[in-house]
Amino acid sequence: MERPAWAPQGIDLTVPSVSRIYDFYLGGSHNFEADREAARKAMEFMPGLPKIMQANRAFMRRAVRFAADEGITQFLDIGSGIPTFGNVHEVAQAANPEARVAYVDHDPVAVAHSRAVLAGNDRAGIAAADLRKPQDILSSPVVGGLIDFDRPVALLLVAVLHFIEDADDPQCAVDTLRDALAPGSLVILTHASYEGVPLPEERVGGTVEVYKSIKNPLVMRPREEVARFFEGYEMVEPGLVPMAEWRPETPLSQEDPFAFSGFAGVGRKA
């Protein structure tokens, strides 16, 4: 298999990556055949996966604009993935050119491509780090050079926590990051769940098995478990809701049924 020019040396092109699978769902070009094969297998059980990812991105953009309207000028996006149109820095800096954005991802392709996209933008950068090790994120020179934790920050945990198994204690990671944030900070979060998916749970379970088979387990948590990630925050209206229902900009009657899968919410640190 020929290695694309944008693929860092040392990347095994035969091993699927969740960030590159996500890129494929969104119609991106920074993915390999192994990623596309895994995505197609998952879509055999859930053909609406691309719609779910589009709803996820649309929520993220609405939430970033909300944060900017609230006067927040710093954004920390963990599990940021491969840059696509309408990324956090584009939305935030369109609202306020002074906005600073620190991206964090552990996928080398996501990191390398983000660096290329952000070249020349001195108010945005990418750090190679993993949510499972939040102290590595907080001590990163890239993050520290962009984010002043003495001022409010919008922390994005969008479509990332459902790839952290309970054994890796995602709650501890979320709490560690929350404790580092100044009062007035926001957390912007989405999470996959069996709830809201317009398919039988056993059918959705087929997709879960595909992710398990590529050693990137997808943890489908119920609403009450997702709500625990907001401990220490006051929920912003309308609370923790299906992605399409968070401050929609178009009539909900026009949304695809899969856009109501999983949960999204924004919390404010008192």
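The values are calculated or read from the model by the stated rules, or taken from the named source; none is laboratory data. Just so it is clear, the structure is predicted and the values come from calculations on it, not from any experiment. Because the Cβ atoms are built from the backbone with ideal geometry, glycine has one as well, and the counts that use them run over all protein chains shown. Calculation scope for accessible area: heavy atoms of the full protein, side chains included, ligands and nucleic acids excluded. Shrake-Rupley method; radii C 1.70, N 1.55, O 1.52, S 1.80 Å.
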(request) Output yes when any residue across region 60-67 is touching a Pro at 6+ places or on another chain (Cβ under 7 Å) and hydrophobic (A, V, I, L, M, F, W, C), and no when none is. (result) no
(message) I'd like the full set of residues that are among the hydroxyl-bearing types (Ser, Thr, Tyr) and within 18 Å of Gly79 (Cα to Cα), limited to region 201-230.
(response) Tyr211
(request) Among the strands (runs of 3 or more DSSP E) lying completely within region 157-270, list those that include at least 2 residues that are at pLDDT 95 or above and within 30 Å of Thr14 (Cβ to Cβ). (result) 186-191
(message) So for region 117-124 (the condition being under 15 Å from the mean Cα position of the chain (by Cα), under 24 Å from Asn31 (Cα atoms) and open to solvent by 20 Å² or more (accessible area, probe 1.4 Å)), does at least one residue qualify?
(response) no
(message) Of everything in region 226-270, what is among the small types (Gly, Ala, Ser), open to solvent by 20 Å² or more (accessible area, probe 1.4 Å) and farther than 24 Å from Leu131 by Cβ? Give them in sequence order.
(response) Ser253
(message) Tell me whether region 146-156 contains one or more residues that are among the charged types (D, E, K, R), open to solvent by 50 Å² or more (accessible area, probe 1.4 Å) and not in a loop (DSSP other than H, G, I, E, B).
(response) no
(request) Could you please tell me which pairs satisfy a Cβ distance under 7 Å, a separation of 6+ or placement on different chains, a first residue in region 55-74 that is in contact (Cβ under 8 Å) with a residue 60 or more places away in the chain and open to solvent by 30 Å² or more (accessible area, probe 1.4 Å), and a second residue that is in a helix (DSSP H, G or I) and of a type outside the set (Asp, Glu)? (result) none
(message) Can you confirm whether Pro198 is free of Cβ contacts under 8 Å to residues at least 24 places away in the same chain, open to solvent by 30 Å² or more (accessible area, probe 1.4 Å) and of a type outside the set (Phe, Trp, Tyr)?
(response) no
